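Values quoted throughout were computed directly from the atomic coordinates according to the rules given, and no laboratory measurement underlies them. Everything quoted here is computed from the prediction, not taken from an experiment. A quick note on method: Cβ atoms are made from the backbone with ideal geometry, for glycine too, and the neighbour counts reach across all protein chains shown.
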Amino acid sequence: MIQTDDQRRWWFATHPEYSWRRRGITSRKHGERKHAPGTYLEYADQDQDEADRNAALDEEFRKAIELDKKGIEADPHTFLDLFPYRRLVTAPISFFQALLRSQAQHTILNAVKKAGDSGGPGKWVEVARSRIGIEHQSKMSGNPIEERDGKRYIKEYLRYGVYFDDYVNGKLYEYKGSYGKLINKFRLFYDWVRGVKTLPDQAKRQAAAARGIPVIWKVGKDQVKAFRKAVGNVPGIEIVP
Amino acid sequence: MNSYTFRQRCRPRGDFRIREIVEFLQLMEVTFQRMSLYDSDGEPVELTSKEIRRFMEEAVDKRFPSLGASVEFFTISPLKRDNNTVRIEICTGTHGGEPFIDSCDLSIGGPWKVPDLSYFEQSIKILRPFEAFLAEDENEYQLDAHGILQTTRFKKPEIIRAFHYLDAEMARSIGGIEYCLEAPAWRVERFCDGVLIQLVPVLFDSTNSRHLQVQKDVMRYFKL
């Protein structure tokens, strides 16, 4: 059994036909043909390929014998053949790609951001919130929900007495959960929905407290029209999907 | 299918405008042929100065009194969840130093609920807004009226709607009343010390290319 690096080098030097880089190996799969079948060129090419491959093997075998006679030398392909690409290169790249694509991306990035956050123009405070919407808020902001005494707490950004769900890169954010059941065929709130007035009220308070800092409301993709109509008379709020 | 909203924007003056709002709500009862209006709890609202004042005072946020009060009324009890409901949203009592305005909005819904435009003219006479319009909601969204508002901030109209009233000051922002009267719209006339523009003789429809073309021409005329 090959156990040491020297043994591996010797084995590859004396068995070049097993080297990935040896001539004659192509990227074609087993049984795959270079040309479309049915033409005589196919057979002519196959014969020529076979002859070339044999000649190459003979040549490499001859070199290997010479090397063996001289003593063991490092095969130029050995390092590349032995390097554990899958473990050290491919797998870590795949892992990070998957991580960045995953839902965890936002959470992790936000966790890092919050840890190093200097505070900005307001301060982070823990607030008790009802169950409705808090999970969406947590998912979007990356702030964890903490349960104590039967209540759910989450960190929010407080500025001039008004709470915002998040503060990122100089912008204040409000994350609106799904209001899908209250949206009609015009993609607007049903006219019988109570409490729509609370949206412009909240928008006014936030725009007033922001004092020039952009305020972004992130809403469901199909709810932008409804929210824009609801806060139609309030400047200072940008509503985006 | 379209839905419509009638908005009236008033300059803030720091009081609840109780008298005007009571008159406006009484007009809305007549407009939508209702015996009474309903509050958020589905209770009929008594349209008296005292009752409306109580609504407003309860609605003021104690931490932000300068932002005024917002209340909503319904033409059908909201508990019935009837799609023929018209929602009336009133924001009033905003103090002068704020960047916000007072407003009375009617969220009407489908075209079958839009009343005769003469009722809106009466409403303008009662509330004396600086701007009032009947907006087609899809048209507002397509032209990004809310986005434009972020920059214009009530200094001038974001877009020109099918039925659009501008007071003298707003008319001045787009060239003055005399200039407005020459706009290539179906009807433009002096109204309530300002100007009333009607783009087309029928209810505006954003799926009608001719209506959109008229709107485009008028907006180009006003350089909007």
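What to note about this one:
- Added length on full extension, which subtracts the Cα-Cα distance from 0.36 nm per residue, B:Q26 to B:E98: 23.0 nm
- Dividing the convex hull volume of the alpha carbon atoms of the stretch A:117-240 by its residue count gives 112 Å³ per residue.
- Take each residue in A:203-209, count the other chain C-beta atoms within 10 Å of its C-beta, and the mean is 4.
- Taking 20 Å as the cut-off, the amide N atoms of the stretch B:167-205 that come nearer than this to a point 7 Å along the Cα-to-beta-carbon line of B:S118 belong to B:187-193, B:196-204.
- Nearest 10 degrees, 0 to 90: helix B:209-221 Cα axis against chain B principal axis: 80
- Size of the stretch B:1-129 as Cα extents on the principal axes (Å, biggest first): 40, 28, 26
- Each label was represented as a point 7 Å from its Cα along the Cα-to-Cβ direction; for A:Q3 and B:K216 these points are 8.4 nm apart.
- Each 10 Å bin, from zero up to the one with the longest distance, holds this percent of the alpha carbon pairs of the stretch B:73-155: 13, 40, 37, 9.
- Other residues with beta-carbon under 12 Å from the beta-carbon of B:G175 carry, at +1 per Lys or Arg and -1 per Asp or Glu, a net charge of +1.
- Dimensions of the stretch B:139-224 from C-alpha coordinates, computed as largest minus smallest value along each principal axis and given longest first, are 32, 30, 19 Å.
- Radius of gyration, Dmax [chain B; alpha carbons; angstrom]: 17.4, 49
- Annotation for B:R63 and B:E189: the two label points, set 7 Å from Cα along the Cα-Cβ direction, are 4.9 nm apart.
- Taking each residue as 0.36 nm, the span from A:T14 to A:I93 lengthens on full extension beyond its C-alpha to C-alpha distance by 25.0 nm.
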